[in-house]
Structure formats: structure tokens, C-alpha cells
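*Asks:* Got a structure here, written out as C-alpha cells. Questions coming.
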Amino acid sequence: MTEHAPSFPFSSQAADAALARPPVDEADVIVTGAGPAGATTAFYLAQSGLDVLLLEKSRFPREKVCGDGLTPRAVKALVNMGISVSEQDGWVRNKGLRVIGAGKRLELPWPDLASYPGYGLVRTRLDFDQTLARRAQQAGARLSEGVTVTGPVLDERTDRVIGVTARPTDGPADGSAERAYRARVVVAADGNSSRLSVAMGLRKRDDRPLGVAVRTYYKTPRHDDDYLESWLDLWSGDRLLPGYGWIFGMGDGTSNVGLGLLNTSVGFGHTDYHALLRTWLEGMPAEWGFTEENRTGPVRGAALPMGFNRTPHYHQGLLLAGDAGGMVNPFNGEGIAYAMESGEILARTIAQALARGRRAEAERVLAGYPHALEQAYGGYYALGRTFVKLIGQPSLMRFATRHSMARPALMRFALKLLANLTDPGGDASDRLVNGLSRIAPNPEGAVMQAIPKMGSWHRASEGRKQR
Ligand SMILES: Cc1cc2nc3c(=O)[nH]c(=O)nc-3n(C[C@H](O)[C@H](O)[C@H](O)COP(=O)(O)OP(=O)(O)OC[C@H]3O[C@@H](n4cnc5c(N)ncnc54)[C@H](O)[C@@H]3O)c2cc1C
């Protein structure tokens, strides 16, 4: 929708005057979507004293298709927001990752680091997203639930986003209930499909990884497992597929069970995920109870946009956070931590930008957001994109699974790499992961150079263990 408006809200005296006492349809910042990215962005913006309007199409508590697993990275993000993660408050802790593959089973505790806690969590998204959204409200964000954003409002002269149009989610879709909201900055945190980004011409990139995953819940005696469990053996005939299955005990009598595949697999796009899940679960011990009678919800699936698969992250006044910006970790499919972290980086950038008086200065600060993201994840995601390409080859996937499952020290290293859990400086494995991420953007070359180093590091650590 196009509408008359000041050419640039930062420089408009009228807009500034209005913002001193904003009517209900104006804010400093509009955040579209109150998932982990949007709620975290809104929380930090409100903490900075900005007037934030958080528009969410659904009403909390609401379901979201997810594995419900949180690594220590996500725990850190929660702690940063002052959210209690105690067991009394309903969080279920885990000690690490159990990996099953190539006929072996390894228990890998979360690494012992200064930068991250030594435990992960599980929590249904029904509770999790509501907790985050309420935390943003406590900090002062104005949350409007049941409001669907329908498009951007553009400055007629510059095509810059100066607001959004929205309607009540359960109201008529014919435009009659639509209204406009204005803001100095607009954030798209509306998830994988990010219709707001698409409306601004920002589409998913075909050259970037994408995952698809399905999940459901079963009543099972395994519900109080204190390890997250990951199965590497997903087969299609005699092809080992790039992806994994998971069983995450929810501690409430059920487990979240699902699987995900990468778009680098030959069968991507014509895989029957429900059938794959069924076949995989048929191979499980009967006493675990993964049967139709014990299934407590539907099998539901969604896409995982990985490795910056929508760019640029700043375009014409619109800033992208979380899945909207394709920020899922390509190594392990984890998205919540990155949604929250990108939300924090974004909020700090916006707070700095809006504190500048002049348009050009503010614009320069906002334009720094993609650079800040690149600095935080650019090298690591470039490496992840190479990893995804390599494991898309069934023979390489089979070799990597067999080779690494037979070497616990290598798998401890792999856990740090795949979950992005290292200390700056740190031990030899931390330095290797950090170094690899720095060498990218030539990740293919970096991986090839690093393989001999990984071998010697691995031999040294095995040798130390034997002595
Ligand atoms: C099957 C599956 C399993 C997964 N398992 C894990 C896991 O175990 N751990 C992990 O870390 N990650 C996991 N992920 C990834 C994780 O779910 C996402 O990365 C994460 O939810 C991203 O958060 P977000 O806030 O960016 O987007 P979302 O969580 O998608 O939130 C977007 C929000 O925007 C709202 N919205 C959308 N459009 C509009 C609109 N037009 N107007 C207003 N509001 C709107 C939505 O209702 C939603 O609340 C999994 C994903 C899938 C599909």
C-alpha cells in the first residue's frame, strides 16, 4: 500500500512531535511477529526506552511446529533476558546430546565453557513463546495479539517502509477492517514465509540451504530422558539421507519426535516425510511406545531457512530478524537461539540509530546491521553451507557417520562445531572451530586445509587419553 507521509520519519519534525505523545497507531518501532525473534527484539527495544508495537497474528498460548530443544546457546539468550530457567518454573534440563548412528551410540555432554552454561532445556513452544512475549510486555513493549500484518506502508517518494497495514486475524479479509500503523523503523520477525519481506521484494535465496522437518508427540516411558537424542541413520532405500531424527523427552509423559532433511539431498522436494517418520519409528524398540495409539498430536512439518537464506537483512527501512532472515544454523537446524540473538543485535542497532538526530547518520547505523550479523555468523554460516553441500552426497554422509561415530574425541569436537559452542581463545578444539569460521568465506578451501589439522588434533587428543 502506498500512502502520503513525511519523506523520512527521523527527520520529520511533525513525526517527532507526534512521537512525543504517540496515538495508538504510531510507535518508534513496529515489530511484526512475536516468535522468539520478534519478542526478543521488542524486549531489548523496550528496555532501551523506545515505544515498541509488537503485532502478532495469533493469540498466546499458541502452538508452533518445532523440536522444542534448546542448546546452551539458547539458554544463555534466555538468561540474558532475565527469564528464570529453573525446573520449578517448568523448564526441563538436559546434559547433552546422545548420538546414534552406524551401529554405535555416544553420549556427548554439552561442552564445559565459560561462554555458555553446561546444560540445555526443553519446553513446548506453547509455553516458550508465551513466556518470551510476556517478558517483552513486562519490559514495556505493547503487544497486540490477533493482529495480522497485511503489508508495508511505503513513503510515496522514497519507497521506504514507514509502517504496516494490518487487520484483526479473525476479522474480514476483504480490507474493510484494515488499518495503518506508522513507525520510524519496521522489523520483519514474521518467520520463515515472511510475507512482509516478500512484499518488499526480499525472497528466499535458491543458493542457500533449506531444511524441511516434521514432528509429533508420543506418550512414552522415555519422556524424562536427560539427554537430547539424535539419530543419524535415516535411509531412503540404500541412500543415507542428509539429516537426522530426534527424540526429545518433554518431561510431561511425552517425547517430541521428529526428523529433518536438507535440500542438498537428491530426494528433497519429493520425500514423503510422514512415511519416512513412520519407517524410522517402526525400527524402535516396542517398549518405547512410538505407536499410533500413543501419538498425542498430529504430525506437522515446516521449513527451516538456513545460513542467511534471505538477504539483505536491511532494505528500505525494513530489518529482518530470525527465520525471516534465514538464520537457522545449517549444521544442526537450531533456530531459536539465532532468532533471539539476531533480535538482540537488531534492537541494539535500532536504539543507536534512533538516538541519532540526523537522517544520514541514523541510516548509516541501520545499514550496519547486516555487517553486525555477518560478523556474528558470516564465517560460521559459510562453513555450514559447505557442510550441507558435502553431506548431501550419500557416500560422504556415510563415510562421515561411520568415521566419526567410531571416534568419541572427534564427535566431542563435532558437537562444538555443530552446535556453535566454543570459547574465544579456549582449548585446541575451540581454536580450530573459531579459526575455521574466520577462514571462511572460502570455506571449501578452509575445510580442505583443515582436514589434516583435524586428523592430527584428533590423534593428539586420543594419544593423551591413552597415556
Ligand atoms: C519441525 C521443526 C523443528 C524444529 N526444532 C527446533 C529445535 O528443536 N530447536 C531450535 O532451536 N529450533 C528448531 N526449529 C527452528 C525454530 O522453530 C525456528 O528457527 C524459530 O521458531 C524461529 O523463530 P522466529 O521468531 O524467527 O520465527 P517464528 O517462530 O516462526 O515466529 C514468527 C511469528 O510471526 C507471526 N507472524 C507471521 N506472519 C505474521 C503476520 N503477517 N502478522 C503478524 N504476525 C505474523 C507468527 O504467528 C509467529 O508467532 C525447528 C523448526 C521446525 C520446522
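*Asks:* Which condition from (1) touching a residue at least 24 places away in the same chain (Cβ under 8 Å); (2) more than 16 Å from the ligand (Cβ to nearest atom); (3) within 30 Å of T71 (Cα to Cα); (4) more than 20 Å from the chain's Cα centre (by Cα) is the one that A141 breaks?
*Replies:* Failing condition for A141: (2).
*Asks:* Do we have any residue at all in region 360-383 that's surrounded by fewer than 23 Cβ atoms within 10 Å (Cβ to Cβ), under 17 Å from A39 (Cα atoms) and among the small types (G, A, S)?
*Replies:* Within region 360-383, not a single residue is surrounded by fewer than 23 Cβ atoms within 10 Å (Cβ to Cβ), under 17 Å from A39 (Cα atoms) and among the small types (G, A, S).
*Asks:* Could you identify the single residue in L45, L50, L55 that is closer than 18 Å to S144 by Cα, near the ligand (Cβ under 7 Å from one of its atoms) and aliphatic (A, V, I, L, M)?
*Replies:* Step by step, each of L45, L50, L55 is checked, and only L55 is closer than 18 Å to S144 by Cα, near the ligand (Cβ under 7 Å from one of its atoms) and aliphatic (A, V, I, L, M).
*Asks:* Could you check G90 against (1) closer than 26 Å to D190 by Cα; (2) away from the ligand (no atom under 16 Å from the Cβ); (3) free of Cβ contacts under 8 Å to residues at least 60 places away in the same chain and say which number it fails?
*Replies:* (1)
*Asks:* Now for a different question. Out of T264, T271, I need the residue that is within 26 Å of the chain's Cα centre (by Cα), within 16 Å of the ligand (Cβ to nearest atom), part of a loop (DSSP other than H, G, I, E, B) and surrounded by fewer than 23 Cβ atoms within 10 Å (Cβ to Cβ). Which one?
*Replies:* T271
*Asks:* Go through (1) part of a strand (DSSP E or B); (2) more than 14 Å from the ligand (Cβ to nearest atom) for P152 and report which single condition fails.
*Replies:* Answer for P152: the failing condition is (2).
*Asks:* For region 278-296, indicate whether the set of residues that are over 28 Å from G163 (Cα atoms) and within 14 Å of the ligand (Cβ to nearest atom) is non-empty.
*Replies:* Within region 278-296 (the criterion being over 28 Å from G163 (Cα atoms) and within 14 Å of the ligand (Cβ to nearest atom)), the answer is no, since none of the residues qualifies.
*Asks:* Is there a residue being of a type outside the set (V, I, T), modelled with pLDDT under 95 and either under 24 Å from K64 (Cα atoms) or within 14 Å of the ligand (Cβ to nearest atom) (or both) anywhere in region 158-171?
*Replies:* Checking region 158-171: at least one residue is of a type outside the set (V, I, T), modelled with pLDDT under 95 and either under 24 Å from K64 (Cα atoms) or within 14 Å of the ligand (Cβ to nearest atom) (or both).
*Asks:* Could you tell me which of the residues A351, A355 is more than 12 Å from the ligand (Cβ to nearest atom), at pLDDT 95 or above and either out of contact with any helix residue (DSSP H, G or I) (no Cβ under 7 Å at 6 or more places or on another chain) or among the charged types (D, E, K, R) (or both)?
*Replies:* After applying the criteria, what remains is A355.
*Asks:* May I ask you to list the residues in region 175-190 that are surrounded by fewer than 24 Cβ atoms within 10 Å (Cβ to Cβ), within 13 Å of the ligand (Cβ to nearest atom) and either assigned to a loop (DSSP other than H, G, I, E, B) or among the polar types (S, T, N, Q) (or both)?
*Replies:* E178
The values are calculated or read from the model by the stated rules, or taken from the named source; none is laboratory data. Small disclaimer: the values here were computed from a predicted structure and weren't measured. Glycine gets a Cβ as well: all are built from the backbone with ideal geometry, and neighbour counts include every protein chain shown.
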